[in-house]
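The values are calculated or read from the model by the stated rules, or taken from the named source; none is laboratory data. This one's a predicted model, so the numbers in the text were calculated from it and none came from an experiment. Here the Cβ positions follow ideal geometry from the backbone for every residue, glycine too, while neighbour counts run over all protein chains shown.
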């Protein structure tokens, strides 16, 4: 039997071009502004990873957990991440040799000749030597981009939780407004009966009765609007939970919570590392930086190796007698390309700078979001205190005017005016209390980092 390798053909169709320095030096871009040392104000309360748990509202916790698992928009962000992870595997495969198996069988039966058959088996491989790091840069770029998609998913989860919390407390406010309006309508109706008795006794004019009826109609109109608002908010919450409108019915009589003291804001430098939207833009910039390196490396020669081993024979018995080994090396080097590669480098640099500027802008906006939320919460807190003071004064004014009216000192119009102002302040107080909670939600969202969603907990690859 012949030796394993009887025929060896070795051809080299190029030579290795030597280049003194071809690597791309990675950019080290710094922010063009000074990061502040601290925020304008800070409390001492720590924020849990799942920031909404700070409200200690089990129903809210349950709704957000359902939404984080079932919301369709969030699922879309996850599938983008899965596609990006698959792209990383595709690019990584370019760093490894490809191996192909091929078999051919041929049978000939020409007139006048004896029939013949031939069987051929071969293994072939192809591999690009990553001499200048082009493929490795592309791999790093796609890996960083996949990480940026993950940060994008986390940012979307954070936004979703904040939107649900905002709608949830709007719903509770609408419930409180409904209860308050019911009580106001009941009180106004009671006064209407008393006025009608006085009217029949000739003690007052019909104008007082008509004005009281107008106040009742106004309260009933407000009640209809609050009932509608509750229903629309339930629809929105259902959609965010991945449910059809009208598929959930929220009966929850909880009142708007009192806020804990201001949370600890930390330092701005920590915020940059914590927030997923900032991390996403940074990773996108780093990916673009690797693509610049790949574009530069693409101007240098590319070396491909193609190898194969094959055997052939007329029958299975002599199929493995003769083997042929072939190795082919090819050198591809750009000479004239009409400026295409140079333009691609310029394009990659521009994209890199664009993404870095996005990163700087989002970082500044993040600082502003924290500062704005702190300022707005402080202002809203002051507003709430002013409304509370006015509410107490309005109650005293109303009680005094009612006393004077019952004793015949004044007519009913000042009482009606005081009652209308009192009831409006009662509703404004509930609105301001909910608005204060929204400012705290904005602050929590501005300070919050990423948290594990149910989908991440199920995926062992994260």
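Points to keep in mind about this one:
- When each of 311, 397 is tested for being in contact (Cβ under 8 Å) with a residue 60 or more places away in the chain, surrounded by 13 or more Cβ atoms within 10 Å (Cβ to Cβ) and on the phi < 0 side of the Ramachandran plot, the lone residue that passes is 311.
- Condition met for residue 288 (over 25 Å from residue 56 (Cβ atoms), at pLDDT 85 or above and surrounded by fewer than 22 Cβ atoms within 10 Å (Cβ to Cβ)): no
- Some residue of region 211-221 being loosely packed, with under 15 Cβ neighbours inside 10 Å, under 40 Å from the mean Cα position of the chain (by Cα) and part of a helix (DSSP H, G or I): yes
- Condition check for residue 244: at pLDDT 90 or above, crowded, with 17+ Cβ neighbours inside 10 Å and either part of a helix (DSSP H, G or I) or out of contact with any strand residue (DSSP E or B) (no Cβ under 7 Å at 6 or more places or on another chain) (or both): no
- Among the candidates 338, 329, residue that is modelled with pLDDT under 90, on the phi > 0 side of the Ramachandran plot and either surrounded by 17 or more Cβ atoms within 10 Å (Cβ to Cβ) or not in a strand (DSSP E or B) (or both): 338
- Residue match in region 258-269 (condition: part of a helix (DSSP H, G or I) and touching a helix residue (DSSP H, G or I) at 6+ places or on another chain (Cβ under 6 Å)): yes
- Search result, residues across region 405-420 that are surrounded by fewer than 14 Cβ atoms within 10 Å (Cβ to Cβ) and either in a helix (DSSP H, G or I) or under 47 Å from the mean Cα position of the chain (by Cα) (or both): 406, 413
- Screening 440, 420 for residues that are touching a strand residue (DSSP E or B) at 6+ places or on another chain (Cβ under 9 Å) and farther than 30 Å from residue 126 by Cβ leaves exactly one candidate, 440.
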